[in-house]
Amino acid sequence: AQKITQTQPGMFVQEKEAVTLDCTYDTSDPSYGLFWYKQPSSGEMIFLIYQGSYDQQNATEGRYSLNFQKARKSANLVISASQLGDSAMYFCAMRVNYGGSQGNLIFGKGTKLSVKP
Amino acid sequence: NAGVTQTPKFQVLKTGQSMTLQCAQDMNHNSMYWYRQDPGMGLRLIYYSASEGTTDKGEVPNGYNVSRLNKREFSLRLESAAPSQTSVYFCACGKGQGQGSSPLHFGNGTRLTVT
């Protein structure tokens, strides 16, 4: 069964420090994609970063990077130089039926990140 | 701004009442989705529409029906609301077939309370 596991319900980080949010996944499909979303207290879902199963390099987008370890089936999000505005819920998600028409994402339960001043 | 629009933003229903959540996208995307978000549960797929004219059940479809009215609009109906349907509902859209690396784009959500 395809599944996303986020084992950290809550995390604290000091402003300006880096933080890693864990995500492990389970799939038997060789083709898959992994996504991270941010949900601030206002509630909207904001797409952050994507990693494909065949990508040779770890994805990066500004202060966000993905530590992708395929053999361990992990796709951890690294946020560098944390800011107060990074306080939010973070969701890891995986695309199922990668090349097909379904294309929905399955989500982990999320990690609530709090940035301390 | 281009994106996904959901109405209403908030709704309170009594047990047994019905309502329809509306969703419209102007991104010209083929696929549309309804998710629900409950505390500690992440987002779970209720129904999806891979393309205009098709709909399919997701992980938690019981108690819901959907209609893909046209390419832009995808509605979610609760025929007889139950307290267990108290949740935040998100509509999303995606490019569709072979979308691979493309993210889903989400509306701002509808917070529904059933008393």
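Tabulated results
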read-out: Å² of accessible area per residue within chain A, as computed with a 1.4 Å probe and no ligands counted; value: 47 Å²
read-out: Assigned charges on the beta-carbon of Lys, Arg, Asp, Glu; chain B dipole about Cα centre (debye); value: 140 debye
read-out: Tally of Lys pairs whose C-alpha atoms are under 27 Å apart, taken over segment A:12-117, 8 or more apart or cross-chain; value: 13
read-out: For chain B, cysteines whose Cβ has no other cysteine Cβ within reach (under 4.7 Å); value: B:Cys93
read-out: nm² value of the averaged projected area, convex hull over the Cα atoms of the protein assembly as shown; value: 12.5 nm²
read-out: Cβ-Cβ FRET estimate between B:Thr5 and B:Asn62, R0 fixed at 30 Å, reported to 0.05; value: 0.70
read-out: Amide proton proximity set for A:Gly110, modelled H, under 5 Å, gap of 5+; value: A:Gln6, A:Cys92
read-out: Globularity ratio of chain B, using Cα Rg and 2.2 N^0.38 Å; value: 1.00
read-out: Rel. contact order, % - alpha carbon contacts under 8 angstrom, at least six apart, chain A; value: 36 percent
read-out: Alpha carbon centroid spacing (whole Å) that separates segment A:24-103 from segment B:46-108; value: 22 Å
read-out: Length-normalised contact order of chain B in % [C-alpha pairs under 8 Å, at least 6 apart]; value: 36 percent
read-out: Rule-of-thumb Rg ratio for chain A [Cα; 2.2 N^0.38 Å; N residues]; value: 1.03
read-out: Paired Rg and Dmax values of segment A:3-71, which use every Cα atom, in angstrom; value: 13.3, 39
read-out: In sequence order, calculated HN-Hα J values of segment B:56-69 (Karplus, 6.51, -1.76, 1.60; Hz; x Gly/Pro); value: 8, 6, x, 6, 10, x, 4, x, 10, 9, 10, 9, 9, 6
read-out: Carbon plus sulfur fraction of accessible area for chain B, probe 1.4 Å, in percent; value: 46 percent
read-out: Interface residues, segment B:60-99 - accessible area loss of 30 Å² or more versus chain alone, probe 1.4 Å; value: B:Phe90, B:Gln97, B:Gln99
read-out: Listed residues B:Ser75, B:Phe10, B:Thr86: farthest to the positive end of the dipole of chain B (Cβ charges); value: B:Phe10
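The values are calculated or read from the model by the stated rules, or taken from the named source; none is laboratory data. Keep in mind that this is a model prediction, so the values were computed, not measured. No Cβ is skipped: glycine too gets one built from the backbone with ideal geometry, and neighbour counts run over all protein chains shown. With ligands, DNA and RNA removed, areas are computed over all heavy atoms of the protein, side chains included. Shrake-Rupley method; radii C 1.70, N 1.55, O 1.52, S 1.80 Å.
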